[in-house]
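For reference, the structure is listed below as structure tokens.
A short reminder: the numbers here are calculations on the coordinates, not readings from a lab. Everything numeric in this text was worked out from a predicted model, so none of it was measured. Ideal geometry is used to build each Cβ from the backbone, glycine not excepted, and the neighbour counts take in all protein chains shown.
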Ligand SMILES: Cc1ncc(COP(=O)(O)O)c(C=O)c1O
């Protein structure tokens, strides 16, 4: 006869289930919170709703919801290959670029191997190496909040299997320049995987920034990751892609969970490429708001690195929690990373004044320590 589960029994009578301690010890991934009636500026989402053509494409996919999708997303992969001037075999589509990051790390790094990345960076990075028993090597950001690429290259050991470079870096919104990247790649052995995470590349306006599309052909060990979640506004559908050498892309494919990219996501991504001009016009508007916010912050005395993603970085240090509380009180839900700072996404235009009023209040309330000396 089946034995019914009850919580007390699990707590006392049964021995603990044997799990991997390094996985159990991981903090859960935290999502951005929502304040009732406030602005959700905590997840770097696109504030614009999907364009009509994109909605219609997702609706069309609903008609065959009872069928599995083709998990290889052949039509979308073909389109992306064409756009990027590569072979279709060099494209991998995943359920968000974070899934592809995980697949690449699993494919490259096993037990005891090392994965290098800058820190602070995307909060999902520390969760990835332990999946395959590998370990993180975090190299602190420079004082201006950018990647310290020479230090990252110096951190390479015999056990290093992957290096993640994030540009623009989440959460500091700083870029890696073309020269910095070229100098870095000259120091990295050509059999060591480098992942260029370009989740926010469409928002970049600095001409000095490295672009994956320009350097892809140059390095046999480079994979570029992009997403439809940010500029293309499809965060809820979960779809991203990678471009790289066939051997690496094949290995990442082998490390995927089958059929995880839905047809809704594939058709919506294709439709969003059809209306790209309109989408990128919206990106331009977000970049304008970003400049307005940045200038406003500098005027208030904040030291903010020039933002190149759809978010700005407030280096509030030890005052992070107090500063975040002031933002929440004013209806701004941002993403605090105590004790480093707060990432604020660029959202609805109506949020801008509210944000700047709140940051002014923070300046008045807290020590000037973290808000002097603007970085230009
Ligand atoms: C730097 C960076 N990379 C990758 C991702 C993952 O994006 P997605 O899985 O939605 O494609 C994010 C999301 O916030 C990010 O900030």
Among beta bridges assigned by DSSP with both residues in the chain, the antiparallel ones amount in percent, to the nearest 5, to 45 percent
In the range 52-274, what percentage of the DSSP-assigned beta bridges are antiparallel, given to the nearest 5?
30 percent
At R0 = 30 Å, FRET efficiency that the Cβ-Cβ distance of residue 64 and residue 257 yields, to 0.05:
0.90
Per-residue ellipticity at 222 nm for the chain, helices alone: DSSP H runs ≥ 4 residues times -39500 (n - 2.57), over residue total, nearest 500 deg cm²/dmol?
-10000 deg cm²/dmol
State the extension gain, in nm to one decimal, for the chain segment bounded by residue 143 and residue 361, taking 0.36 nm per residue of separation less the distance between their alpha-carbons.
76.0 nm
Per the range 141-270, sqrt(5λ) over the Cα gyration tensor eigenvalues, sorted largest first, in Å, gives 26, 19, 13
Mind giving me the nanometre distance, one decimal, between the label points for residue 36 and residue 299, set 7 Å out from Cα along Cα→Cβ?
3.4 nm
Give me the one-decimal Kirkwood hydrodynamic radius in Å for the chain, with the sum taken over alpha-carbon pairs.
21.9 Å
For the chain, averaging the sequence separation of alpha carbon pairs under 8 Å that lie six or more residues apart and dividing by its residue count, the contact order in percent is 22 percent
Just to verify a number: FRET efficiency for residue 186 and residue 214, C-beta to C-beta distance, R0 = 22 Å, to 0.05?
0.85
Given springs between every Cα pair under 10 Å in a Gaussian network model of the chain, which of 31, 138, 308 has the largest fluctuation?
31
Mean Cβ neighbour count within 10 Å, used as a protection proxy, ranking 298-307, 48-57 highest first:
298-307, 48-57
Here FRET efficiency (C-beta to C-beta, residue 17 to residue 158, R₀ 25 Å, nearest 0.05) is 0.10
Could you sort the peptides 213-219, 238-244 by per-residue average Cβ neighbour count (10 Å cutoff), highest mean leading?
238-244, 213-219
Calculate the spin-label point distance for residue 75 paired with residue 151, positioning each point 7 Å from the Cα along the beta-carbon direction, and give it in nanometres.
4.8 nm
Relative contact order (%) - criterion: Cα under 8 Å, at least six apart; region: the range 52-274:
29 percent
Decide, for the range 52-274, between rounded, prolate and oblate: order the square roots of the alpha carbon gyration tensor eigenvalues as a ≥ b ≥ c, take rounded if a/c falls under 1.5, and otherwise choose prolate if a/b is larger than b/c, else oblate.
prolate
